[in-house]
Amino acid sequence: MTLASWLREYFSPHEVIDTSAKISDEVKFTTCYMCAGRCGIKVHLKGGGIRYIEGNPDHPVNRGVICGKGASGIMQQRSPAKLKRPLKRAGERGSGEFREIEWDEAITTAVEWLSSIRATDPKKLAFFTGRDQSQSLTGYWAAQFGTPNFAAHGGFCSVNMAAAGMYTLGGSFWEFGEPDWDRTRFFMMFGVAEDHDSNPIKIALSGLRRRGAKFVSVNPVRTGYSAIADEWVGIRPGTDGLFVLAVVHELLKAEKIDLDYLGRYTNAGWLVIQAPGAGDDGLFARNEAGEPLVLEAGGSLAGGMTAGVSARLVGDAVLPDGRRAVPVFQLLAERYLDPSYAPEAVAEACGIPAATIRRLAGEMARAAFEEEIELAVGWTDWAGRRHESIRGRPVSIHAMRGISAHSNGFQTCRALHLLQILLGTIDVPGGWRYKSPHPKPTPPGPKPAGRREQIAPGKPLAGSPLGYPLSPEDLIIDAEGHPLRIDKAFSWDAPIAAHGLMHMVITNAWRGDPYPIDTLLMYMANMAWNSAMNSAETTRMLTDKDPTSGEYRIPRIIYSDAYYSEMVAYADLVLPDTTYLERWDCISLLDRPIGSPDGPADSIRQPVLAPDRDVRPFQDVLIELGARLGLPGFISPEGGPRYPGGYSDYIVNHERRPGVGPLAGWRGADGEYSGRGAPNPRQLERYVANGCFWKHELPDGQRYFKHANKDYLETAVSMGLIDKPEPVVLQLYVEPLQRFRLAAQGHGTILPPETHRERIAAYFDPLPFWYTPFEEARVDCGTFPLHALTQRPMQMYHSWHSQNAWLRQILGSNRLFLNRALGRALGLAEEDWVWLSSHHGRIRVPTRLMDGVNPDVVWTWNAIGKRAGAWNLDPDSPEFRQGFLLNHLISELLPPDGSYAHANADPITGQAAWYDLRVRVDRATAHEAGTTAPSFRKLAHPVSLGRAPAILRYFSGDDHEEQFS
Amino acid sequence: MHPALSIIFFTTSAGAGFALMILLGIGVPLGLLPPERGFGFAALAIAVMLAAGGLASSASHLGRPERAWRAFSQWRSSWLSREGVFAVLTFLPAAVFGIGWIFFGATGGLVGLCGVLAAASALATIYCTGMIYASLKPIHQWHNSWVVPNYFALGLMSGFLVLDFLVRLWSARPSGTSLLTLIVVLAGWWMKERYWRFIDTTSARTTPATATLLGSRGRVRMLEPPHTEENYLLKEMGFRVARKHRVRLRWIARLAGFGLPALLTVVALAFGGVVGTVAAGLAVASAALGLISERWLFFAEAKHTVTLYYGADAV
Amino acid sequence: MTMLPDPRPGQKKLGLVIDLDICVGCHACATACKEWNASGHMGPLPDFNPYGNDAWGVWFNRIHSFEEGEGAGARTVYFPKSCLHCEEPACVTVCPTGASYKRAEDGIVLVNEAVCIGCRLCAWACPYGAREFDADEGVMKKCTLCIDRIYNENLAPEDRQPACVAVCPVNARHFGDLGDPHSGVSQIVAERRGGDLMAELDYKPVNKYLPPRSARMAPTQAAADDTAAPGDPESPGNRLLSWVDRLLSR
Ligand SMILES: Nc1nc2c(c(=O)[nH]1)N[C@H]1C(S)=C(S)[C@@H](COP(=O)(O)OP(=O)(O)OC[C@H]3O[C@@H](n4cnc5c(=O)[nH]c(N)nc54)[C@H](O)[C@@H]3O)O[C@H]1N2
Ligand SMILES: Nc1nc2c(c(=O)[nH]1)N[C@H]1C(S)=C(S)[C@@H](COP(=O)(O)OP(=O)(O)OC[C@H]3O[C@@H](n4cnc5c(=O)[nH]c(N)nc54)[C@H](O)[C@@H]3O)O[C@H]1N2
Ligand code: SF4
Ligand code: SF4
Ligand code: SF4
Ligand code: SF4
Ligand code: SF4
Ligand SMILES: [Mo]
């Protein structure tokens, strides 16, 4: 270098930048699992590690974008909390003291425990799974094992949404439908913070705002999506039913309802028997063929399913037996026109001015009836009538846990569907659309299996343990009416608990109510912490021993997790799972599919990295256990393992019904069939080549009115999505509910016990109604004047992400948010500490003040607080010291009132009522401030976890320079 | 702003060193100070030690001190670079001046000229130091017309205090330096009080509203920080000093930095001799303590606009 | 060199436009930025105490959140912030070493890590807090506007945009040449009256922010004509009568 060039470089240093650096050695497509959103991702690999993860632009779910979690996948893969080998409990339960064992020993132990249960009393195995996306496998396995005690997380999650939708529409808000995002003009969102459709909702909201469609968010808290809404309606929790039915009242009064739609697609005209005291009062009047009857113009009765029939909306019909019957619409109108449903009557309870309710009803009506959409696309309805265009009313709704997590959530969700139907907005352009494989028939099927006669040692169950009861005959109860399932699902406690009651399993098992179990097998559910109500007590139950025998009351716990979560410490046997980038997975149409309104779709996960530790995909383990236990579905005719290749083998070769398997794409020997077809040995290759997903685009004429669209219904049958090409009639009036109610009134042979009658009679109303959430009704609202809620933070998934070095920087501890006016009244400043108490307990937490929250509400981010020692975090981490859970305040049982101890849940579905929580806030003293209470004993540290590094310098998987503390 | 000890030490120590250099470089050629070689050795050694020690301390603040040599290159735009250039430049004439004076007893002619040059360069160094702060628009408490004069005044004051002590130590006879010192100390005090008044009564034009373009609906305030724990920006720029400490530290700065040195200088003037020398020495020590707390406050009370994004209502 | 490039007419000014009207605060752009840049031109971006107390790290993009207004009229606004690639960036001119510089060709402000002495003065000079000190390597880092993506020939042309822009699920971030008045970004800025943060400091940021649409909370006109007036004297029974002769045809 010459002096001149040195000087030049000294005075004007010049940087050479490689603007076209090589990005990756290899790109692999798979499906994200930083949450249950199922977005398609492209994983760029470089230098043996991950360079970058981005969205797959072709993927139907996320169209190229990913969320804050998805983009932090690298740190999930590098989490120091990853379990490294199987563990067997060495100390007391809950201590976290383990012995590391080999897989051989792990599997043999499990087989030993499970085979004796199966041989004697299979229901003594309770198998419950959490966030997994292989419920069609796990449910099938449970059925093969012969235990009815199976469910996934839906029972504490959103079964209210699923059940209300399935009984009303044959589809539901919860992942099974979505607004017609591109066409809707008026969109109302109820109680959503993030939801499973994280990216699709965001993409859609952005489109709405750009198009100038109106977006109203009904939510006590103004954050996230609500922040960008045109209008925020800061409702008081648990009162949405009142609000929605007041809107219905207004629409009925103004006659802004779509009568044509009601006639063609709903049961509005069906006659309901009016015979108080009779065993069929409130059921539909039917002809001999079982077809519901309608009252024709001339006053005669006709079959309500017949094409072309004209039915009266209002009017008394006289049935052949002389009894009276009236159309559903009449009952409905009579009820909701009552002044008790007027905006003025509900405004105060909802915290929404009557004028606002009235205006919103008007806006909805205007969008529906004055901005009608017509698409120049021909279609054929169920009766074979050809229509030259598709008409739609551009009003749509989406709702989630702000509705479902209340004890009145089922009926509130029904009210939302009622409103949608009255406006004629179900599966129409601009309205709300079914996502394939929905719609399913109404009333829904199948029924749950697990009745006494269906359980026998060594035998599989006769069907799926979960399903949809339509009458008391379908309940899973014994002759005395007592529950037969450990979670009491499908009993009189929660008759249509379509997803089970996972939050009651541990309590019931500990009490031995209805019976003691032997083994609790859990997968991907942090039940000792954030998914438990009453977490502290739950962990006590998990560790409680019977004083006479010295045995744990829940004798054995097997758990599969991929990370060192709180729950791991409570297992006797830990089966370490792979991460989402290390295994095959299948997001199946039989489970929670990724179908869109424009057609069915499913997807897979493929291993993009090899595990660097001694872990196995839980599905592989389950399939191996199935074979070792000799479960019929898992052994070959010769008695060997049926799927020796593990889960990928099962995905390709398992058939649920002939031609229908886990994946719908590229079936048939050459991949020539969609939906139905013989297994294709090269199916996974085809998926991988297509970016790990399959989708079928419906032709334009099949995209709307799917519930009554002949061509669609036939396609759905041919693809195996439904069994019969029959129209799905929307159920304004849900007859099965009346059947339960009649039983409560003493009709029929299967009657609820006395303790339950009043309750069943009250809540199983076939038309939606509102009632005060149970906790609010039982506690003294003077003592507990506030509602307490949680919200999902967009960048954290439940308990998963405190181990993620990037995400925990964003949210490392949570605060209790209070309305500024409330804070002022309590003399609180930012970051002051308070005691938050409920009827059940109290916690000490730091606060923050905000304006955008209903004045009667306090809230916090969900699942940020952690237990010391878990997740391989330092014991002085903020998650332990300043983070907290509301779960300690939430009891799994209702506040006692001297009667039967009911679950803190919806009386119809058993959905956990997380958001019914009532609290009070009291200032903490100065010396109490600084750390949250309660705090728990630190969990021990399994050796194989190693120590977390003190500095991370991640660079394309190259971690040789990492420092360890 | 986070009061980093290395920087506090740097500005106080280098300020005194360069100021002493100014006084020697001008005062000696003009014959206003003792011309003795021993005095020259002591005074220059102290000036150099203070200046170089300060510079070394500032280098320790660097993330990559081994690359400090690069800091002289951007004098065309950077006050920090200019400061570095002048600081180093000062040592060249100062060396000639020192050698001439100490080894050859020369204080006039070329040696004297070098003294003047060193003084000029030292003056420029202090100016640049002041400008480093005064040029930073994001910090209202620095970006104002009081900062550079303050730097001069406080630098000169510390230089004078040291000088007065040395002069007394050397010749133990009353000198004009004490009177000047007293004047400079009082001027520095006045200047500092004006500065404090300025920052107490004004705040930046930049507000949460201008920082975010929000505010059409009313007051803008942070809901949640982007990250739960403090990041680099907050650790460095988000330093907040409690009002209680601020008031206390200002009193320390007032009393130790100005009041006591002024009083001790009066004592020195009045008594002379050993008492005077001791008083002048104590004045230096007291001023050092006072100036360190003054400098600490100079950082601690400075509010960076970035804090508006992290919950500050005003800067 | 820390002298700013001479302004030229038609100067290319690459930058971002951020739409405060639709940002939902999801942090995707923050983590996507971290992820891309961890192994990118300025990588690694270290994290300190990543699994303990006081976890912090180098991030080029962070999502702030604010509330404006009082009571029920208050609005929540999410506010992503990264380097604004100012036209008058004092972060550059204060740099004593020449490590900090503004590119003449596109206006991107960068740090040459090989030259930086870690004096942090540039961080003091940036009013927006867009400079990130890597305490591990002792050098300053910052948003590069994804210089290793936007010109990267190994990427498909449609992917040659910053990671934070590509990832944003609500499309609240736009990338382009703000020096060209006809570019897409310039047009959005004009249309939506995008503005400068801390304009009074005269750093002339290239990145622009689109303020939340002011009318968005304004209720649309009440629809009195659509529904009956309040306190309608008609009883439900009378209302039912009006439906008696209507038919639902299937
Ligand atoms: N207060 C309050 N409590 C709530 C809620 C609320 O809103 N408020 N929401 C409720 C709802 S809706 C739900 S769904 C639940 C969710 O609660 P959980 O179902 O308990 O969900 P996670 O916390 O996600 O825990 C799942 C476990 O899966 C583990 N895991 C992650 N990845 C893998 C993997 O690849 N393999 C295996 N085997 N394990 C893995 C994690 O380490 C973690 O231990 O929380 C409920 N609890
Ligand atoms: N990032 C992220 N995404 C997730 C998850 C996660 O943990 N993190 N979890 C996934 C899971 S398991 C689920 S179940 C879904 C849940 O998705 P969401 O339904 O979006 O979940 P929540 O956070 O429970 O949001 C409930 C919202 O309802 C509001 N709310 C509470 N009570 C009421 C009420 O009475 N009325 C009204 N109108 N609003 C009310 C709350 O303020 C909150 O905004 O999200 C899924 N997606
Ligand atoms: S929403 Fe985010 S975390 Fe969930 S699957 Fe999609 S990208 Fe992954
Ligand atoms: S935002 Fe800050 S770092 Fe970026 S160019 Fe402007 S002044 Fe420099
Ligand atoms: S830290 Fe580096 S880039 Fe910043 S001013 Fe100092 S030398 Fe320049
Ligand atoms: S442009 Fe690139 S470096 Fe800058 S904030 Fe966006 S992703 Fe980060
Ligand atoms: S990705 Fe988009 S919506 Fe999410 S925080 Fe960034 S700018 Fe906002
Ligand atoms: Mo959930």
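Observations on the model:
- Relative contact order computed over the stretch C:14-248 (Cα-Cα under 8 Å; 6+ residues apart), in percent: 25 percent
- R0 of 25 Å, Cβ-Cβ distance residue A:18-residue A:950: FRET efficiency to nearest 0.05: 0.20
- Taking a ≥ b ≥ c as the square roots of the eigenvalues of the alpha carbon gyration tensor, chain A is rounded, as a/c is under 1.5.
- Prolate/oblate/rounded call for the stretch A:192-276, Cα gyration tensor, a/c under 1.5 rounded: prolate
- Scaled to the globular estimate 2.2 N^0.38 Å, the Cα spread of the stretch C:82-152, given as radius of gyration, is 1.01.
- With the highest mean first, a sort of the peptides A:910-923, A:372-385 on other beta-carbon atoms found within 10 angstrom per residue produces A:910-923, A:372-385.
- Taking B:213, B:110, B:260 in turn, the Gaussian network model of chain B (Cα-Cα springs below 10 Å) assigns the largest fluctuation to B:213.
- Structure-based [θ]222 nm, the protein assembly as shown - -39500 (n - 2.57) summed over DSSP H runs of at least 4, per residue, nearest 500: -10000 deg cm²/dmol
- Taking GluC sites (Glu not before Pro) across the stretch A:421-521, the ones in a DSSP loop with at most 10 further Cβ atoms lying within 10 angstrom of their Cβ are A:480.
- On the principal axes of its alpha-carbon atoms, the stretch C:14-248 has extents of 86, 48, 40 Å, going from largest to smallest.
- Stokes-Einstein D in µm²/s, Kirkwood radius over Cα pairs - chain B at 25 °C with 0.890 mPa s viscosity: 119 µm²/s
- Remark: relative contact order (chain B) = 24 percent; criterion is Cα-Cα distance under 8 angstrom and separation of 6 or more residues.
- Computed 3J(HN,Hα) for the stretch A:320-332, one whole-Hz value per residue from the Karplus formula 6.51 cos²θ - 1.76 cosθ + 1.60 where θ = phi - 60°, is x, 7, x, 7, 9, 9, 10, x, 3, 4, 5, 4, 5, glycine and proline marked x.
- Shape category assigned to the stretch A:702-827 from the gyration tensor of Cα positions, a/c cut at 1.5: oblate
- Inter-chain shielding of A:341-347 (mean C-beta neighbours from other protein chains, 10 Å cut-off): 1
- Remark: the stretch A:546-668 is approximated by an ellipsoid whose semi-axes, taken from the C-alpha gyration tensor as √(5λ), come to 31, 20, 16 Å, largest first.
- Between B:176, B:98, B:272, the residue with the greatest mean-square fluctuation in the GNM of chain B (Cα pairs under 10 Å linked by springs) is B:176.
- P(r) of the stretch B:83-168 over all Cα-Cα pairs, binned every 5 Å from zero, in whole percent: 3, 15, 16, 18, 20, 12, 7, 5, 3, 1
- Against chain B, whose longest principal axis is taken from its Cα atoms, helix B:243-252 shows a tilt of about 10°.
- For residue A:29, residues with placed amide H under 5 Å, excluding near neighbours: A:43
- Sorted fewest first by neighbouring Cβ atoms within 10 angstrom, B:249, A:83, A:713 come out as B:249, A:713, A:83.
- Table column - 3J(HN,Hα) (Hz), the stretch A:782-796, Karplus curve with 6.51, -1.76, 1.60, x for Gly and Pro: x, 6, 10, x, 10, 9, 10, 10, 10, 10, 6, x, 4, 9, 9
- When only alpha carbons are used to place a centre, the stretch B:33-78 and the stretch B:117-173 end up 14 Å from one another.
- Unit charges on C-beta of K, R, D, E only; dipole of the stretch A:421-540, Debye: 360 debye
- The mean count of C-beta atoms from other chains within 10 Å of the C-beta of residues in C:109-117, rounded to a whole number, is 5.
- Packing-based exposure ordering (other Cβ within 10 Å, fewest first) of B:245, A:756, A:59, A:406: B:245, A:756, A:59, A:406
- Rounded to 10°, Cα long-axis angle of helix A:135-145 versus longest principal axis of chain A: 90 degrees
- Residue-by-residue Karplus 3J(HN,Hα) for the stretch A:549-555, coefficients 6.51, -1.76, 1.60, Hz, glycine and proline x: 8, x, 8, 4, 5, 9, x
- For residue A:660, distant residues with modelled amide H under 5 Å away: A:677
- Amide H contacts for residue A:730 (H built 1.01 Å from N in the peptide plane; partners 5 or more residues away or on another chain; cut-off under 5 Å): A:266, A:267.
- Seen from a random direction on average, the alpha-carbon convex hull of the stretch A:287-434 projects onto 12.0 square nanometres.
- Loop sites in the stretch C:110-176: GluC sites (Glu not before Pro), DSSP, at most 16 other Cβ within 10 Å: C:153
- Counting only other chain Cβ atoms within 10 Å of each residue's Cβ, the peptide B:130-138 averages 4.
- Mean projected area (nm²) of the alpha-carbon convex hull when the stretch B:1-135 is viewed from all directions: 8.2 nm²
Rule-based calculations on the coordinates, nothing more; no lab input. All values reported here derive from a predicted model rather than from experimental measurement. All Cβ positions, even for glycine, are placed from backbone atoms using ideal geometry, and neighbour counts span all protein chains on display.
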